[in-house]
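Here's the structure we're looking at; comments come further down.
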Amino acid sequence: MAWNYQYTNYGSINDENGEQEQVEGSEGVAEDVVNNQDGVQVEKEETDGVPSSRNSQNKSGKTGEKMEDEDIITSARSSRRICGSAASSSDSETADDAPLLPEEGPSHAVRLDIPGDKPAGPHDRFPKTPLKTVVAFLMLVVAAAGNTITLSWVHERYPLTAPLPDIVFELTTKIPWGLRLCENLMIGSFASLLILILFHRHRWIVLRRLCFIGSILYGMRIITMLVTPVPKADEDFQCSPRLGENATFSLIVMRGIWSMFGLGLNLFDNQKVVLCGDYIYSGHTLVLVVSALFIGEYSPRRFYLLHWTSWLVCAVGVIFLVLSHGHYTIDVILSYFACTRVFWAYHTQAAHPSIRLSVQNHQAKEFWFPMLRWFEGDIRRPVPRRFDCPISYSQVCSAFRRVRPRGSRSGNARPAFE
């Protein structure tokens with residue numbers, strides 16, 4: 001009975017103090033049982049009054065004690081395992097890490113649909129800075145006006161000689177309608193880019209970069225047109241008459257500004273001013289290449305068809321531009337190199353502040369780098385390719401809530417905004 005009581009008490013120790021105390025308790029119980037048995041055997045031997053046989057009995061008693069000790073310890077350990085497993089299974093049902101929901105642990109997130117606009121995520125934490133976009137747009141307008149005014153001046157100076165030698169002109173046949181096709185493709189590509197910017201989540205940043213890069217390219221084009229006027233690439237192309245001796249600075253400027261409304265295109269047959277001499281480098285190629293670069297940079301990566309289509313449109317437009325003798329081949333090549341180098345250099349600096357702020361950044365020597373630091377000073381990482389509607393659902397609902405019927409009592413009401 002004493003051993004059973006000790007074992008039952010040991011089971012309670014297992015529940016409260018853990019496994020280590022259980023092992024020590026089991027060994028203590030075994031020792032107590034052994035001592036009790038030794039005392040009983042000694043008393044029995046002394047009462048029998050046979051001291052001569054005590055040594056032999058002690059030896060046999062020790063051997064039996066060892067066997068009994070091992071049996072007791074083994075049984076105690078086996079019973080401890082049984083009780084421990086039962087305790088652990090019972091404890092797991094009320095433990096703190098028990099699952100809150102069937103077959104789901106506490107680490108599973110619970111999603112709650114809360115009405116209203118979603119909170120801004122990390123990808124939305126880009127400053128809009130519309131003021132910088134307006135400044136970049138004004139820079140583009142000034143550069144475009146400078147192009148047309150320079151072209152108006154070059155129109156009075158370009159050589160009236162035969163076209164320069166061009167290997168593509170020599171190996172191919174002229175396609176008169178190629179220039180019109182090129183301009184249609186150019187308008188379609190640029191319109192696609194504007195739609196992309198309209199639905200881009202960070203439209204202010206993308207539009208600002210487009211305007212600033214366009215102003216850089218058109219500004220450099222002013223210099224190349226001004227320093228090297230070349231003869232017409234197409235002898236059959238009809239240009240507006242020159243002013244001659246009546247040319248003044250004001251007339252040249254006004255003619256250049258007037259030609260801006262035609263966007264420098266030949267699609268408009270009613271265009272009264274057709275200026276010639278804007279060859280180096282190609283403005284048509286500039287628009288096609290920049291549109292393809294921006295579409296590939298800011299559209300979703302999985303839109304492979306759109307990326308390949310934009311570059312295919314660019315390639316077809318450039319090929320037919322040269323085949324129609326609208327530009328020399330060198331004009332197209334220089335335009336491609338100018339557009340891609342400025343675009344890649346700008347976006348590399350804008351996306352990586354560590355490069356932009358490095359003392360070993362040799363691109364910081366570019367003439368447009370100070371403006372880049374101002375435009376992109378609050379941008380710390382690449383702009384993500386995310387889209388949304390420019391007018392949110394909540395804005396539309398709030399606008400409709402402000403509409404109230406107003407009219408006569410006869411029921412002829414009309415909606416009016418407060």
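Does Asp269 qualify as being out of contact with any Gly (no Cβ under 6 Å at 6 or more places or on another chain), at pLDDT below 90 and surrounded by 13 or more Cβ atoms within 10 Å (Cβ to Cβ)? For Asp269, the condition - out of contact with any Gly (no Cβ under 6 Å at 6 or more places or on another chain), at pLDDT below 90 and surrounded by 13 or more Cβ atoms within 10 Å (Cβ to Cβ) - is not met. Scan the range 339-361 for residues that are under 13 Å from Pro382 (Cα atoms) and exposed (fewer than 12 other Cβ atoms within 10 Å of the Cβ) and the total you get is 1. Each residue in the range 363-403 was checked for being open to solvent by less than 100 Å² (accessible area, probe 1.4 Å), among the hydrophobic types (A, V, I, L, M, F, W, C) and part of a helix (DSSP H, G or I), and 8 pass. Scanning the range 348-398 for residues that are modelled with pLDDT of 80 or more and among the aliphatic types (A, V, I, L, M) yields Ala350, Ala351, Ile355, Leu357, Val359, Ala364, Met371, Leu372, Ile379, Val383.
Within the range 118-132, if we keep just the residues that are at pLDDT 80 or above and touching a Phe, Trp or Tyr at 6+ places or on another chain (Cβ under 9 Å), the residue that is surrounded by the most Cβ atoms within 10 Å (Cβ to Cβ) turns out to be Lys132.
Restricted to helices (runs of 4 or more DSSP H) entirely inside the range 134-230, those with at least 1 residues that are among the hydrophobic types (A, V, I, L, M, F, W, C) and over 38 Å from the mean Cα position of the chain (by Cα) are 167-171, 203-227. Here Asp331 meets the list (1) open to solvent by 20 Å² or more (accessible area, probe 1.4 Å); (2) farther than 20 Å from Ser192 by Cα almost entirely, failing just condition (1).
The values are calculated or read from the model by the stated rules, or taken from the named source; none is laboratory data. For clarity, every value in this text was computed on a predicted model and none was experimentally measured. So basically every Cβ, Gly included, is an ideal-geometry build from the backbone, and we count neighbours across all protein chains shown. When the accessible area is computed, the model is the full protein with side chains, heavy atoms only, and any ligands, DNA or RNA have been set aside. Shrake-Rupley method; radii C 1.70, N 1.55, O 1.52, S 1.80 Å.
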